[in-house]
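For reference, the structure is listed below as structure tokens.
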Amino acid sequence: MKLLDVLTGDFAGNGCPIHPAFVHLPITLIPLAAFIKAAAALGILPSAPGGWPWQAAHLIAGLAVVSLIPTAITGMAEYIRLPKNNEEVKKKVQIHAGLNYLVAAITVYCFFKTSARPDKLPTQIEILLGLASAGLLMVSGHLGGEMVFEHGVGVRRQGKARKR
């Protein structure tokens, strides 16, 4: 069994890719943290420094940062498995990955900046960056779905019909 087989979910008779399972975490946690921060900043949620919305958003952002690691690794493994001759798909995958790296950079930056503050209170710029990263993540997620449903990226035969 090769490491690449494990990272793509193609081992022990399993043909189900792992990357789609991991994407649910950052695609949920990053916008959730951003929206909690925005709601607190707008006064929809309690906005006292050190209040529960800021603490909760910071914890959720931290979980998002951790979830980015296996998501990126399994995504890179799927990229390695792409057919070499399909330039259209490779370009879409590269845009998808680039957007995700930008989202990851914003998320990590904002998380560590607010980590340094005892009240976990983000600046207005950090709140806007979080909302922007949530928007970019939605665009990237759409591209990911497009690659699967239009181009069959990451789709492998499963069960008895699967080629061995």
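The values are calculated or read from the model by the stated rules, or taken from the named source; none is laboratory data. Because the structure is predicted, anything quoted here is derived from the model rather than measured. Ideal geometry is used to build each Cβ from the backbone, glycine not excepted, and the neighbour counts take in all protein chains shown.
Here TYR79 passes the criteria (1) under 25 Å from PHE11 (Cβ atoms); (2) among the hydroxyl-bearing types (Ser, Thr, Tyr); (3) modelled with pLDDT of 90 or more except the one numbered (3). Whenever a residue of region 41-59 is more than 15 Å from ARG117 (Cα to Cα), its partners that are among the hydroxyl-bearing types (Ser, Thr, Tyr) and in a loop (DSSP other than H, G, I, E, B), lying with C-beta atoms within less than 9 angstrom and at least six residues away or across chains, give the pairs ALA41/SER47. Scanning region 92-113 for residues that are touching a residue at least 60 places away in the same chain (Cβ under 8 Å) and under 22 Å from GLY50 (Cα atoms) turns up just one, THR107.
One line per residue, one yes/no per condition, for (1) more than 21 Å from SER67 (Cβ to Cβ); (2) among the acidic types (Asp, Glu); (3) in a helix (DSSP H, G or I):
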| position | (1), (2), (3) |
| --- | --- |
| VAL108 | no, no, yes |
| PRO118 | yes, no, no |
| LEU121 | yes, no, no |
| LEU137 | no, no, yes |
| PHE149 | yes, no, yes |
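Taking the conditions exactly as written (charged (D, E, K, R), assigned to a helix (DSSP H, G or I), exposed (fewer than 14 other Cβ atoms within 10 Å of the Cβ) and touching a residue at least 40 places away in the same chain (Cβ under 8 Å)), does GLU78 satisfy them or not? So GLU78 does not fit the description; no. Being within 11 Å of the chain's Cα centre (by Cα), assigned to a helix (DSSP H, G or I) and of a type in the set (A, V, I, L, M, F, W, C) is a property that holds for VAL65.
When LEU82 is tested against (1) more than 22 Å from ILE27 (Cα to Cα); (2) under 14 Å from the mean Cα position of the chain (by Cα); (3) aliphatic (A, V, I, L, M), only condition (2) is not met. Scanning region 86-105 for residues that are exposed (fewer than 14 other Cβ atoms within 10 Å of the Cβ) and either of a type in the set (Ser, Thr, Tyr) or touching a Ser or Thr at 6+ places or on another chain (Cβ under 7 Å) (or both) yields a count of 1.
Given the structure, is PHE22 surrounded by 13 or more Cβ atoms within 10 Å (Cβ to Cβ), assigned to a helix (DSSP H, G or I), aromatic (Phe, Trp, Tyr) and out of contact with any Ser or Thr (no Cβ under 9 Å at 6 or more places or on another chain)? No, not satisfied. Listed by first and then second residue, the pairs linking a residue in region 133-153 that is farther than 18 Å from PHE22 by Cβ to a residue that is in a loop (DSSP other than H, G, I, E, B), with Cβ atoms under 8 Å apart and 6 or more places separating them unless they lie on different chains, are HIS151/ASN86.
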